[in-house]
Amino acid sequence: MKLWSGRFGKETDALVNDFNASIQFDQRLYKEDITGSLAHAKMLGDCGIISQEDVTAITEGLKGILADVEAGKVEFTADNEDIHMNVEALLTARIGDAGKRLHTARSRNDQVALDFRMYVREQIPVIVDQLLELETVLCKQAKQYQTAVMPGYTHLQRAQPISFAQHLMAYANMFARDITRLEDCKKRLNECPLGSGALAGTTYPIDRWETAQDLGFDAPMSNSLDGVSDRDYALELMSALSILMMHLSRFSEEVILWCSWEFKFIELDDAYATGSSIMPQKKNPDVAELVRGKTGRVYGDLMSLLTAMKGLPLAYNKDMQEDKEPVFDAIDTVEMCVPVFTAMLDTMTVRTDNMRKAAGKGFINATDCADYLTKKGMPFRDAYTVTGHLVAACTAQGKTLEELTLEELKAVSDLFEEDVYDAINLENCMALRNSYGGPAVSETTRQIGAIEAFVKAHTK
Ligand code: ARG
């Protein structure tokens with residue numbers, strides 16, 4: 001018999017029973033549900049709403065259920081619809097009338113709002129810790145490749161010289177913002193919905209500050225309709241996770257390119273690559289491809305909840321039961337992707353020789369050549385045009401700028417002197433880009449130090 005069967009004259013249809021139930025997926029909230037109930041029962045006792053004997057019986061009963069669930073001894077059932085009613089039914093079966101008093105001054109609507117909020121709150125530090133580990137690996141790798149010249153790209157065309165360290169630290173900065181976005185989300189969600197009732201609070205003299213404090217919240221939520229109705233914290237989490245996955249996906253795309261024979265900037269460790277069932281020569285970057293692919297899935301999770309919420313009148317609507325699977329899926333996906341991606345980067349071999357070779361082609365020192373002429377007094381626009389002519393001539397002859405003789409250079413401008421070769425030497429071109437944020441070793445050293453300090457400050 002259903003806990004709510006009082007006003008019904010018939011049994012629920014079997015199809016409806018299964019259709020309506022959420023226990024298949026919300027059983028993952030068992031701990032939050034029991035924790036919330038423990039706090040609620042204590043508060044009911046402290047406020048004189050139920051007796052201390054009942055509080056003791058409920059507390060012991062709930063602790064027993066928690067232990068049994070964790071020991072795998074409890075079978076949940078769709079007949080009890082969701083985790084909230086499953087726990088309550090188990091409790092009443094075990095302790096009798098005291099169990100039936102637990103739901104005084106409370107609704108499942110505020111239970112679900114509370115449990116889900118606490119679940120999200122607990123997962124944020126898990127993801128943050130994984131990201132801090134990723135940051136540590138990025139710093140470790142970057143430190144080894146501060147002088148490793150590689151071509152920086154725009155439009156996937158070789159553009160200007162950078163170092164592999166600077167490229168890695170670009171991502172480290174993005175992930176640092178992902179971490180602070182997650183931390184912001186945690187700060188904002190930390191208000192307690194429990195005590196909102198079904199939607200309109202309660203006539204019982206409850207103490208919402210007590211439950212809020214016992215459950216580690218900063219305060220109770222200010223409005224009971226808001227308390228049971230909004231899921232913005234879950235959307236905020238999934239937005240932050242979507243942005244994080246977008247960063248991981250771009251990085252994955254580069255890893256995939258770098259692994260190709262056309263680039264060969266890195267080689268993945270055998271433990272983090274996979275083979276082909278037919279082509280014996282293949283070593284595929286499946287981890288990076290899956291991370292890129294799973295990004296779409298996390299975006300889908302975000303879209304699915306945004307869409308579910310957009311037309312809902314206040315307060316609770318059953319549509320909101322659709323909030324959990326996308327959030328669980330987004331969290332599970334991210335928690336799988338980040339550690340495997342980190343390990344893949346940690347174990348890769350970096351082919352600085354191929355990076356340097358690629359940097360040698362593609363005229364990535366053309367800007368430096370134009371800057372050289374500008375520093376000798378030629379207006380930048382003219383210097384740009386002169387260098388463009390040199391590039392065209394080099395392309396026709398299959399040469400690089402530094403392979404042109406001084407006579408060939410002087411033929412287009414007599415400002416060229418012997419020192420031009422230093423100015424367009426790739427190592428110098430990179431080393432001289434020491435403006436704040438640039439690839440020069442002094443700057444990558446500063447960037448690595450800043451991220452290391454960030455990691456330290458955010459490690460609990
Ligand atoms: N299983 C429900 C959910 O996940 C719990 C709240 C149900 N409340 C209700 N009045 N039907 O949203």
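The values are calculated or read from the model by the stated rules, or taken from the named source; none is laboratory data. Source: prediction; values computed, not measured. Cβ sites come from the backbone with ideal geometry, for glycine too, and all protein chains shown count toward neighbours.
Points worth noting:
- Residue check for Ser222: out of contact with any strand residue (DSSP E or B) (no Cβ under 9 Å at 6 or more places or on another chain) and modelled with pLDDT of 95 or more: no
- Checked against (1) touching a helix residue (DSSP H, G or I) at 6+ places or on another chain (Cβ under 7 Å); (2) assigned to a helix (DSSP H, G or I); (3) more than 14 Å from the ligand (Cβ to nearest atom), Asp68 passes all but a single condition, namely (1).
- Total residues in the stretch 290-305, condition within 16 Å of the ligand (Cβ to nearest atom) and of a type in the set (A, V, I, L, M): 1
- Near pairs, Cβ below 7 angstrom, 6+ apart or cross-chain, from the stretch 319-340 (closer than 27 Å to Pro285 by Cα and touching a residue at least 60 places away in the same chain (Cβ under 8 Å)) to any residue that is within 12 Å of the ligand (Cβ to nearest atom) and not charged (D, E, K, R): Phe328/Phe25
- Where helices (runs of 4 or more DSSP H) fall entirely within the stretch 342-460, those with at least 2 residues that are at pLDDT below 95 are at 352-360, 366-375, 380-397, 406-410, 420-423, 426-431.
- Number of residues in the stretch 193-219 that are closer than 19 Å to Ile34 by Cβ, within 16 Å of the ligand (Cβ to nearest atom) and surrounded by fewer than 21 Cβ atoms within 10 Å (Cβ to Cβ): the value is 0.
- Evaluation of Asp110 against (1) buried (at least 19 other Cβ atoms within 10 Å of the Cβ); (2) modelled with pLDDT of 95 or more; (3) charged (D, E, K, R) (one fails), failing number: (2)
- Residues of the stretch 74-118 that are under 27 Å from the mean Cα position of the chain (by Cα) and away from the ligand (no atom under 12 Å from the Cβ): Arg117, Met118.
- Residue count, the stretch 81-102 (criterion: in a helix (DSSP H, G or I) and more than 17 Å from Asp115 (Cα to Cα)): 12
- Here is the figure for the stretch 291-308: residues that are touching a residue at least 40 places away in the same chain (Cβ under 8 Å) and out of contact with any Asp or Glu (no Cβ under 9 Å at 6 or more places or on another chain) total 6.
- Within the stretch 35-53, not a single residue is within 16 Å of the ligand (Cβ to nearest atom), in a helix (DSSP H, G or I), on the phi < 0 side of the Ramachandran plot and free of Cβ contacts under 8 Å to residues at least 24 places away in the same chain.
- Selected residue (criterion: surrounded by the most Cβ atoms within 10 Å (Cβ to Cβ)) from residues of the stretch 306-357 that are within 16 Å of the ligand (Cβ to nearest atom) and of a type in the set (A, V, I, L, M, F, W, C): Val327
- Close contacts from the stretch 246-257, counting a first residue that is without any contact (Cβ under 8 Å) to a residue 40 or more places away in the chain and of a type outside the set (Ser, Thr, Tyr) and a second that is in a helix (DSSP H, G or I) and buried (at least 22 other Cβ atoms within 10 Å of the Cβ), with Cβ to Cβ under 8 Å and a gap of 6+ residues or different chains, come to Glu253/Ala288; Ile256/Ala288.
- Of residues in the stretch 272-305 being among the small types (Gly, Ala, Ser) and out of contact with any Lys or Arg (no Cβ under 7 Å at 6 or more places or on another chain), the one surrounded by the fewest Cβ atoms within 10 Å (Cβ to Cβ): Ser277
- Against the conditions (1) without any contact (Cβ under 8 Å) to a residue 24 or more places away in the chain; (2) within 16 Å of the ligand (Cβ to nearest atom); (3) among the hydrophobic types (A, V, I, L, M, F, W, C), Ala170 satisfies every one except (2).
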